[in-house]
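Reading through the structure tokens given below for one structure.
The values are calculated or read from the model by the stated rules, or taken from the named source; none is laboratory data. Source: prediction; values computed, not measured. Methodologically, a virtual Cβ is constructed for each residue, glycine included, from the backbone with ideal geometry; neighbour enumeration extends over all protein chains shown.
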Amino acid sequence: MLSSPGEDPRNPEQPPEPAEPGDETAVCSRCGKPAENTPPTWTCSVENGRRHYFCDDCARANLRAIEGRLDSPWW
């Protein structure tokens, strides 16, 4: 099956992710803190094909779980 340019061939119903991670308004997946553009100090995690961003405070508080590659619902 061929896909259109910019379309994810693994899951055609899922909209493609933004090309640059800093182009959108990021919201912390843990606490909901908003940030205009993605600050370089935030952590980005890809879980089940979706990007999740975590602010500095949430990333620091859960560093061991992040480094252990545990899904965020677990921690």
TODO: Please specify each residue of the range 41-71 satisfying the condition of being part of a loop (DSSP other than H, G, I, E, B) and in contact with a helix residue (DSSP H, G or I) (Cβ under 8 Å, 6 or more places away or on another chain).
DONE: THR41, TRP42
Task: Qualifying residues in the range 27-40 (those that are in a loop (DSSP other than H, G, I, E, B) and closer than 20 Å to LEU70 by Cα) - the one nearest to the chain's Cα centre (by Cα) - done: SER29
Task: Qualifying residue in the range 12-30 (condition: at positive phi and either modelled with pLDDT under 80 or of a type in the set (D, E, K, R) (or both)) - done: no
